[in-house]
Structure formats: structure tokens, C-alpha cells
1. Can you report the number of residues in the stretch A:28-53 which are touching a strand residue (DSSP E or B) at 6+ places or on another chain (Cβ under 6 Å) and either assigned to a strand (DSSP E or B) or open to solvent by 40 Å² or more (accessible area, probe 1.4 Å) (or both)?
2. Tell me, which residue of the stretch B:5-55 that is of a type in the set (S, T, N, Q) and assigned to a loop (DSSP other than H, G, I, E, B) is surrounded by the most Cβ atoms within 10 Å (Cβ to Cβ)?
3. Looking only at the stretch A:16-58, count how many residues are within 14 Å of chain B (Cβ to nearest Cβ) and of a type in the set (V, I, T).
4. Given the residues A:G16, A:G91, which is the only one that is at pLDDT 95 or above and not basic (K, R)?
5. Tally the residues that are assigned to a strand (DSSP E or B) and either surrounded by 15 or more Cβ atoms within 10 Å (Cβ to Cβ) or touching a Lys or Arg at 6+ places or on another chain (Cβ under 6 Å) (or both), restricting the search to the stretch A:57-111.
6. Only one residue in A:T79, A:T62, A:T27, A:T20 is farther than 16 Å from B:S94 by Cβ and over 16 Å from the mean Cα position of the chain (by Cα), so which one is that?
Amino acid sequence: GQQVMQIPQYQHVQEGEDFTRYCNSSTTLSNTQWYKQRPGGHPVFLIQLVKSGEVKKQKRLTFQFGEAKKNSSLHITATQTTDVGTYFCAGPLSGNTPLVFGKGTRLSVIA
Amino acid sequence: SQTIHQWPATLVQPVGSPLSLECTVEGTSNPNLYWYRQAAGRGLQLLFYSVGIGQISSEVPQNLSASRPQDRQFILSSKKLLLSDSGFYLCAWSPQYEQYFGPGTRLTVT
């Protein structure tokens, strides 16, 4: 079946360092989404990318959709302790099928 | 604005007991609704989704069931809980592509 993969599942960074997470799909995605789950909380929708090569920014977070629409990335500039959490990427095969979530990457920021 | 409610927030149930978790969405009509389970420190496992009243699709065969008796109500049930049913149960709704999650129910089966 379709898979969305995120590797590694855990990452520790020093506060102020940059952080990049890649997400790969075994099939072409109609869109890709990123979610953040704070410890003890629920996933929160961050962004959706639809177009090939699309780049979107949210303050220190930069999201990019691959040209082939099979991979995406999340880049955080100068991480802060508020960035701690698990970041999930997700995507559907088509607009009407359920999202397939990656296993997530848990980000720890060392102050 | 739309809001999604789940209750209870936490639940401790003995093995073999029944389960009923409720999710309701306000401020929208005919949403797509989803039930996920998240084991401790793990990813999101899709259990059921619904595109309309009485329409339920199951993603993982197990001892759980779901029902959608009303447009904005989604219920997750079990007749007999197993230890392996412990986890964080999340309901989500979707207007089109993105999903919005409820606060979740932490279920511990003892």
C-alpha cells in the first residue's frame, strides 16, 4: 500500500540550530500536509502544499513540496524550545481518500 | 467558527468492558469524520472514516466499531476491550483536504 516515510523518528538539536525533516512517499501525492503535535496534545494542522515545487513560509518554518510531488520538507531556522513536538507529514492519493500519515519525527530542543 | 469536541478526556476501563467514545463537530455541515488511535510515542493509525451519515469505512479490522448517527456526531465503540486497545484516541474532521483534530481521549485498559 501507499507509504509516507519520515526518517529519523527522533532528533535532538541545540537551541538556535537549524532543523530539517524530509518526508517521502512511495506514490505521487495530490497534496502534502504537515502537522505538529506538542507533548501531551493533539496534532495541529500547519500547512498544505499542492503545487509541484511549492514553497511556503510560516515565520521560521519553511515548507517545500518536491518537483515530482513525492517528497516534501520542513525546515526550521534557529530552533527554539517552543518548536518542541512531533512533526507529521501526510498526504492522500487523491482528494477524496483519507490522509496517510508518516510516523512523525519527535524534535527535542536542548537549551 | 468550527469546533470539535471529544469526551471523555481520560478513561480507565477493565479488560472485557464495553467502550463508547463520542465526537461532535460544531459550525459545519456534512464534514468528513475520522477516528485515529495513537499508541504512546507512536504515529497515527486510522481506524475509521465517514463521509456521511451511516457511511463508515474501516481501515483496520479489530474489535472496534464506529457509527455516525447524526451528521456531526461520530461514535467509536467496542463490546469487549483488550489490553492492546489502550492508547490515545483522536477524532478529526475535514472540510476538504486538511484535518482538524479534537483534544483526544486517553484510554487505559487494565
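The values are calculated or read from the model by the stated rules, or taken from the named source; none is laboratory data. Given the structure is predicted, the values throughout are model-derived calculations rather than measurements. Reconstructed Cβ throughout: ideal geometry from the backbone, glycine too, with neighbour counts over all protein chains shown. The area values use the complete protein model at the heavy-atom level, side chains included, leaving out ligands, DNA and RNA. Shrake-Rupley method; radii C 1.70, N 1.55, O 1.52, S 1.80 Å.
1. Taking the stretch A:28-53 and keeping what is touching a strand residue (DSSP E or B) at 6+ places or on another chain (Cβ under 6 Å), we get A:29, A:31-38, A:42-49.
So of that shortlist, the ones also either assigned to a strand (DSSP E or B) or open to solvent by 40 Å² or more (accessible area, probe 1.4 Å) (or both) come out as A:32-38, A:42-49.
Qualifying residue count, the stretch A:28-53: 15.
2. Of the residues in the stretch B:5-55, the ones of a type in the set (S, T, N, Q) are B:6, B:10, B:13, B:17, B:20, B:24, B:28-30, B:32, B:38, B:45, B:50, B:55.
Add one more test, that the residue is assigned to a loop (DSSP other than H, G, I, E, B), and what stays is B:17, B:28-30.
Values: B:S17: 12, B:T28: 16, B:S29: 7, B:N30: 11.
Going through the qualifying residues, I end up with B:T28.
3. 4
4. Values: A:G91 fails: at pLDDT 95 or above.
Just one listed residue meets the conditions, A:G16.
5. Result for the stretch A:57-111: 24.
6. Testing whether each residue is farther than 16 Å from B:S94 by Cβ and over 16 Å from the mean Cα position of the chain (by Cα) leaves just A:T27.
Condition check ((1) crowded, with 19+ Cβ neighbours inside 10 Å; (2) under 14 Å from the mean Cα position of the chain (by Cα); (3) closer than 20 Å to B:A40 by Cα) across all residues:
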| residue | (1), (2), (3) |
| --- | --- |
| B:S67 | no, yes, no |
| B:Q73 | no, yes, no |
| B:L81 | yes, no, yes |
| B:S84 | no, no, yes |
| B:G87 | yes, yes, yes |
| B:L90 | yes, yes, yes |
| B:Q96 | no, no, no |
| B:P103 | no, yes, yes |
| B:L107 | yes, yes, yes |
